[in-house]
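Read through the structure below, which is laid out as structure tokens, and then see the notes.
Any read-out appearing in this document is the output of simple, stated calculations on the displayed coordinates, not a laboratory observation. Every value quoted in this text rests on a predicted model; they were computed, and no experiment measured them. Neighbour counts are summed over all protein chains in view; Cβ atoms, including those assigned to glycine, are modelled from backbone coordinates with ideal geometry.
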Amino acid sequence: MQLLSGLLLLSSICASGVNSVSHVPALLWSTESSALGTAPTVNAGHITSSHEFYQLLKQEDRKVNLFVLFLQDTLSIDDFTYYSTVYGNENPLNNVQDILESSPSSLILPSVEMKTINNLPSYLKQQGDWNIVNSDIFNVSSLEVDNHKPNLILIRLQSIPRSDKNSAAMVFAENDKHIGRITQELKNRGFHFTAIYTGKKPSKVVKSFDMVYKNGRELLATDTAMASTPLNVTNASDVTCILIYAQKFLLTANKTKPFDLTNATFELFSVNTSLSECSDTNTTLSLVYSFPGNPVSSIEVRLYMTNMFYAGSARNWFKLESVMIIPNQDMFRNATFRTTYASTPAEYSYHCQQIGTSSSYGETLVPTNDEAKSWDIDIFEFQIQGFNIMNNRFSYASDCTSFFTPAIWMGLVSCVILLWILSYGIFMIMQLTTNDKFDDPKSQPLSVPQGE
């Protein structure tokens, strides 16, 4: 409870004095009591700089030659206080709390510059002969650590679904269990290590005036379309022939079994792409994932693309023709989906904010066989290019949003109705007529003969 009170105090301090837009918290613990002796002083509103944070990682006169970085997609200091108390006795972060309290040395940094965390692997490589190990939460037992040089194990945790509090608490609990299990396993193997639990970006981002929602067809350059490195696939000549990127890549089997492929594809790059094929007219991207111990032990996702000449437009067009899911290498159980409008001029890449099996997405994947009806696909900020790749970079992207969005159609229909009402009113006014003769009070009054 002392740790929880400290977190609450630090949370209130940072909320009043620190703008959390570009800062993330970092929790550190070590098996050595002197490992965090050079920790920076945390005052009210203090932001730990890159220099201060990197000073903690220096290896002078220490037994520690292993650092473990538990990296989550989003994290804020408020998460530790809110999710530790809102659910009463069910504390989703009890392992992290127990580890911090029982470790020989621990440290809580409520605000660390976000770029410090994101640049940590590249910084360590520049400082010396560091062994950088990318791992996941499933196969940490098979880690191979080099005892002759410092090591950094980068473990990417599950993403937190911020749209639902209960789901977020469940994922926090899962991540907390993984942190506890991995920490205990490293201790059992006799390692002296320092662990860091932090996030890539804060969970609460305040929008500035230049962050405007964009909805419409536009050309997107690589640096504005993504913040991470896309997955590239090379041909036999070691030349990049396919580029693909997504912020989120999810498959769901039978509405209940989700497979989050984001980290394996775009963070760890552990996906197997050896079955991919490239040519000038037909390209197939094969993504093979392994899930040991699951009923679905492997999943292959194939994306078929074509580059064809169309006489009507007198140019070549690149099109994502279909998507196929092959579970457990069983081709007879493949689930195939056809695309609707996923095409662009051959010189461009293709981009869509949302692509999947939902009819509300910008690009809908339509099932073409019975097996496909039991799968759901959800891909966010999707960009792909299978032809004409230059300098290992995406070409400008043609967006999937049509020229006539629902809002534009609604505005056009409303304008037509109003114009019709206005035209009808003008027409009725033009049809008004006046009498040929009027009564003149100075002359003989008009008399209208009455027939008997």
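Structural remarks
- Debye, to nearest 20: dipole size of segment 295-382, +1 on Lys, Arg Cβ, -1 on Asp, Glu Cβ: 260
- For the peptides 366-377, 421-432, residues were scored by their other Cβ atoms within 10 Å and the scores averaged per peptide; the highest-first order is 366-377, 421-432.
- Net dipole in debye of segment 248-304 [+1 Lys, Arg Cβ; -1 Asp, Glu Cβ; about Cα centre; nearest 20]: 300
- Amide H contacts of residue 152: 67, 131, 132, 133, each under 5 Å away and 5 or more positions distant or on a separate chain (H built 1.01 Å from N in the peptide plane; Pro and chain starts excluded).
- Full-extension gain in nm, residue 369 to residue 185, via 0.36 nm per residue minus C-alpha separation: 61.7 nm
- Using θ = phi - 60° and Karplus 6.51 cos²θ - 1.76 cosθ + 1.60, couplings along segment 116-128 (whole Hz; Gly, Pro as x): 4, 5, 5, 9, 4, x, 5, 5, 5, 4, 6, 7, x
- Filter on 201/248; 177/248; 58/187; 149/177; 201/255 - keep pairs with C-alpha separation over 25 Å: 149/177; 201/255
- Put simply, the amide H of residue 193, placed in the peptide plane, has neighbours under 5 Å in 31, 32, leaving out anything fewer than 5 places away on its chain.
- Whole-Hz couplings from phi, Karplus 6.51/-1.76/1.60, listed for segment 158-168; x for Gly and Pro: 5, 6, 8, x, 6, 6, 9, 5, 5, 5, 4
- Extreme residue, positive dipole direction of segment 106-190, given options 154, 116, 126 (C-beta unit charges): 116
- Each residue of segment 299-312 was assigned a 3J(HN,Hα) from its phi angle through the Karplus curve 6.51 cos²θ - 1.76 cosθ + 1.60 (θ = phi - 60°); the sequence is 9, 10, 10, 10, 10, 9, 10, 10, 10, 10, 8, 10, 5, x Hz, with glycine and proline shown as x.
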